[in-house]
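For reference, the structure discussed in these notes is given below.
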């Protein structure tokens, strides 16, 4: 699988960029590299890599700006974006998730863990979707054939991760989905990983769902549950 997947590594520090690229190539990926935002966006548009490793601090623009640009383009909006940065404040992570980042890796990082995260992302974006699933509720419609979602008749745009999160919750209607289960089944990450990725994505997903946000119920201290509410 990894032999056919391209990864774009965006990092302005040459030694880090070259080290990450080396290990990803050893893992079988086709690796593209960029040291600034302008070059990164150019390569992303030309090659449409399924996975992007994106440093937050770049000489010409921020990683958040690049991520937002990727999400705004039809050619790259489904790209799996992993933010890699030395800025570990919660506000920085939330800002990245709010512009559409799928995962967040703080510096310094384990190269082995980073490669594993890229491999997990590649499995997600190259997985053949279930094309025999459609759900239609009072305020929400999900079409797995086309990976499209409508709220009260109007289509909304979700990232690949937001869509998979919604679909997983909806397919488990009425069942508690713990944060660990969601990390494992949606992100392909260890369920014991200490991260606020799930909560931040649920918050962003609810914002996009608008009138349909009530379908996702928080189970305090346990996780989330999809419930069909009557009007």
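Screening residue 89 on (1) at pLDDT 80 or above; (2) farther than 15 Å from residue 160 by Cβ shows it passes everything except condition (1). Restricting to the range 154-173, and then to whatever is touching a strand residue (DSSP E or B) at 6+ places or on another chain (Cβ under 7 Å) and not in a helix (DSSP H, G or I), can you tell me which residue is farthest from residue 50 (Cα to Cα)? That would be 173.
Candidates in the range 187-200 are the residues that are touching a helix residue (DSSP H, G or I) at 6+ places or on another chain (Cβ under 6 Å) and at pLDDT 80 or above; of these, the one that is nearest to residue 165 (Cα to Cα) is 198. Close Cβ contacts (under 6 Å, 6 or more residues apart or on different chains) running from residues in the range 54-79 that are on the phi > 0 side of the Ramachandran plot and modelled with pLDDT under 85 to residues that are in a loop (DSSP other than H, G, I, E, B) and surrounded by fewer than 14 Cβ atoms within 10 Å (Cβ to Cβ) are absent. Quick one: would you say residue 184 is in a helix (DSSP H, G or I) and either at pLDDT below 90 or in contact with a helix residue (DSSP H, G or I) (Cβ under 9 Å, 6 or more places away or on another chain) (or both)? So residue 184 passes the test. Considering (1) surrounded by fewer than 16 Cβ atoms within 10 Å (Cβ to Cβ); (2) closer than 24 Å to residue 52 by Cα, the lone condition that residue 221 does not fulfil carries the number (2). With respect to residue 174, is the statement that it is over 19 Å from the mean Cα position of the chain (by Cα) and either surrounded by 15 or more Cβ atoms within 10 Å (Cβ to Cβ) or modelled with pLDDT of 90 or more (or both) true? In short, no.
Just to be sure, is residue 149 surrounded by 18 or more Cβ atoms within 10 Å (Cβ to Cβ) and outside any helix (DSSP H, G or I)? Step through it out loud before you land on a result.
Numbers: surrounded by 18 or more Cβ atoms within 10 Å (Cβ to Cβ): yes; outside any helix (DSSP H, G or I): yes.
So residue 149 passes the test.
The values are calculated or read from the model by the stated rules, or taken from the named source; none is laboratory data. All figures in this text were calculated on a predicted structure; none of them were measured in a lab. Neighbour counts run over all protein chains shown; Cβ positions are idealised from the backbone, glycine included.
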